[in-house]
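The values are calculated or read from the model by the stated rules, or taken from the named source; none is laboratory data. Quantities reported herein were computed from a predicted structural model and do not represent experimental measurements. Note that each Cβ is placed from the backbone with ideal geometry, even for glycine, and that neighbours are counted across all protein chains shown. When the accessible area is computed, the model is the full protein with side chains, heavy atoms only, and any ligands, DNA or RNA have been set aside. Shrake-Rupley method; radii C 1.70, N 1.55, O 1.52, S 1.80 Å.
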Amino acid sequence: IRTARIETLKIMDFTHVSVLERLRRETPGIEFIVRLFDDRISVNHTHPTPSQFVGKFVPRINELRPFATKFEIHNEPNHYQGIEGWGNSDADAQDFRLWYLTVLAGLRQACPWASFGFPGLALNYPHRDMEWLDICRDAILASDWLGCHTYWQYGNMFSKDWGLRFVLYRQRFPTKMIEITEFANSTPGLSRQDMASQYAAYYQRLQQYPYVRSASSFICSSPDPTWLPFAWCDPSSNTIFPVAQAVGAVQHQPSAP
């Protein structure tokens, strides 16, 4: 995190408070975005009721108040395989929309100081994120910000269908600030050096879009070897991959007035 000069870190809600305490102490000013993900959400359209979700997370949100104000409600509910509790259909979108609006109201009533974001969606087809954006329009407008996921393979980093997907989101919601809560190059066999150069170029490009508040790469590290190709470091071998140094060297452009 120090090497890459990370300014915003998207974390899971179960991250231990001591981790946030240390990060804030060692990197003053770092911002946290917390994903609220309920482990009762699973495949085959199984998910907690709004009251169950709110009841579980209000205490956690209050516990994290000294460190975080931004909270992402759930994750990729439109995934076509239904692994996040819903699916990609119009009916799934309508059901999630009603669920989300009720959850948002409950969390706001209990934690009026917090900022709540509509979750990043699984992008493009077969996930149908654009159709979901249209169906969930009132839920997104009611949110404090809009999450977005951007993934690409091969030469699609600067395509509006993939790496720049957030441009299409902003066209639909021109008043909403966007937090890219996941991005990555998922090209099979991507080299560490190609990841480093591409991610540095991606962060450089993102500075052209003042409505993008942050961009969190998937993933800093993970104990699951499945995700090691995406990782920025490997704690098991005390290795920091080249992407951290490359991103840390990106020059920041002055913010637009």
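A few notes on this one:
- C-alpha long axis of helix 50-63 to longest principal axis of the chain, angle in °: 40 degrees
- Nearest-10 value in Å² for the accessible area of R40, using the 1.4 Å probe: 100 Å²
- Peptides 71-80, 201-210, 87-96 ordered by average Cβ neighbours within 10 Å, highest first: 71-80, 87-96, 201-210
- The stretch 65-165 shape via C-alpha gyration tensor axes, a/c threshold 1.5: oblate
- Centroid-to-centroid separation of the stretch 121-168 and the stretch 182-257 [C-alpha atoms, Å]: 19 Å
- Cα-based helix-to-principal-axis angle, 90-110 vs the chain, degrees rounded to 10: 90 degrees
- Debye, to nearest 20: dipole size of the stretch 11-85, +1 on Lys, Arg Cβ, -1 on Asp, Glu Cβ: 240 debye
- Taking every protein chain into account, the 1.4 Å probe leaves D39 with about 120 Å² of accessible area, to the nearest ten.
- Nearest-ten-degree value, helix 192-206 long axis tilted from longest Cα axis of the chain: 60 degrees
- If you bin all the Cα-Cα distances of the chain at 5 Å, starting from zero, the percentages per bin are 1, 6, 13, 17, 20, 18, 14, 9, 3, 0.
- On a per residue basis, the convex hull of the C-alpha atoms belonging to the stretch 141-257 measures out at 117 Å³.
- Sparsely packed trypsin sites (Lys or Arg not before Pro) within the stretch 142-171, loop by DSSP, other Cβ within 10 Å at most 14: K160
- Taking T226, T175 and ordering them by how much accessible surface each has at a 1.4 Å probe, largest first, produces T175, T226.
- Mean separation of Cα contacts under 8 Å (6+ apart) over length of the stretch 131-257, as relative contact order %: 22 percent
- Taking a ≥ b ≥ c as the square roots of the eigenvalues of the Cα gyration tensor, the stretch 39-80 is oblate, since a/c reaches 1.5 or more and a/b is not larger than b/c.
- Placing unit charges on the Cβ atoms of the charged side chains and taking the dipole of the chain about its Cα centre, the candidate lying farthest along the positive direction among W162, G189, L146 is L146.
- Taking every protein chain into account, the 1.4 Å probe leaves W113 with about 60 Å² of accessible area, to the nearest ten.
- Counted by Cβ distance under 15 Å from D161, the other residues give a net charge of +3, where Lys and Arg count +1 and Asp and Glu count -1.
- Per-residue Karplus couplings for the stretch 18-25, computed as 6.51 cos²θ - 1.76 cosθ + 1.60 with θ equal to phi - 60°, are listed in order as 4, 5, 5, 4, 5, 4, 5, 5 Hz, Gly and Pro entered as x.
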